[in-house]
Amino acid sequence: MTIASILRNKGSDIVTVEAGQPLPQVARTLVRHRIGAVLVRGGDGPPLGILSERDIVRLFAEDEVTVDTLTAADAMTKILHTVTPETPIIAALELMTDRRVRHLPVLEGERVVGIVSIGDLVKARIDAAVGEAEALKEYVAAG
């Protein structure tokens, strides 16, 4: 099973924010779309980074930071760990575990075609396991 199968079921909607967008506005975007991360763009080019709920919470926890004055670019993670539609789900899970990230942009060449979360990957693995268990039950019952 690959990332492409997740995008087929989930869709490939990508929520982005501009690098200069104020952090409170980014937080409202996350809440409105009920998502945990957004890609940060600086125009029409490739993403500059990714900004998650955790990034925002981390900034709130720092006493000397006034979050209202920060932008998406100030808070984003600049190193993007990515996958392709052909990436096996297991490999994506390993990447998330090794890099301690919860969201992976999906790239075809240099174009972003989706984003997957740890929840998407775990759900796909559970669905596959349930399907295999049901197939085994039917096989045993038919035998």
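Read-outs: derived from the displayed coordinates by stated rules, not from any lab. Note that the structure is a prediction, hence the values are computed from the model and not measured. Here the Cβ positions follow ideal geometry from the backbone for every residue, glycine too, while neighbour counts run over all protein chains shown.
With the condition being surrounded by fewer than 16 Cβ atoms within 10 Å (Cβ to Cβ) and without any contact (Cβ under 8 Å) to a residue 12 or more places away in the chain, I'd like the helices (runs of 4 or more DSSP H) fully within the stretch 70-143 carrying at least 2 qualifying residues.
89-99, 118-142
Please specify each residue of the stretch 85-115 satisfying the condition of being within 15 Å of residue 47 (Cα to Cα) and under 15 Å from the mean Cα position of the chain (by Cα).
Listed by number, the residues that qualify are 103, 104, 105, 106, 107, 112, 113, 114, 115.
How about the stretch 90-116: which of its residues are among the small types (Gly, Ala, Ser) and farther than 16 Å from residue 1 by Cβ?
Once the filter is applied, which keeps residues that are among the small types (Gly, Ala, Ser) and farther than 16 Å from residue 1 by Cβ, the stretch 90-116 yields only 109.
Given the condition under 20 Å from residue 11 (Cβ atoms), of a type in the set (Ser, Thr, Tyr) and touching a strand residue (DSSP E or B) at 6+ places or on another chain (Cβ under 8 Å), answer yes or no: does some residue in the stretch 63-77 qualify?
no
Residue 39 versus (1) hydrophobic (A, V, I, L, M, F, W, C); (2) touching a residue at least 40 places away in the same chain (Cβ under 8 Å); (3) in contact with a helix residue (DSSP H, G or I) (Cβ under 7 Å, 6 or more places away or on another chain): which is the lone unmet condition?
(3)
For the stretch 98-113, enumerate the residues that are out of contact with any Ser or Thr (no Cβ under 8 Å at 6 or more places or on another chain) and of a type in the set (Lys, Arg).
Across the stretch 98-113, the qualifying residues are 99, 100, 111.
Say whether the condition of being surrounded by fewer than 19 Cβ atoms within 10 Å (Cβ to Cβ), farther than 30 Å from residue 131 by Cα and under 14 Å from the mean Cα position of the chain (by Cα) is met by at least one residue in the stretch 4-15.
yes
Go through the stretch 50-69 and give me each residue that's among the charged types (D, E, K, R), farther than 15 Å from residue 118 by Cα and surrounded by fewer than 17 Cβ atoms within 10 Å (Cβ to Cβ).
Scanning the stretch 50-69 gives 58, 62, 63, 64, 68.
Scan the stretch 99-143 residue by residue and report those that are touching a Pro at 6+ places or on another chain (Cβ under 9 Å) and of a type in the set (A, V, I, L, M, F, W, C).
Answer for the stretch 99-143, where residues must be touching a Pro at 6+ places or on another chain (Cβ under 9 Å) and of a type in the set (A, V, I, L, M, F, W, C): 106, 107, 112, 113, 115, 116.
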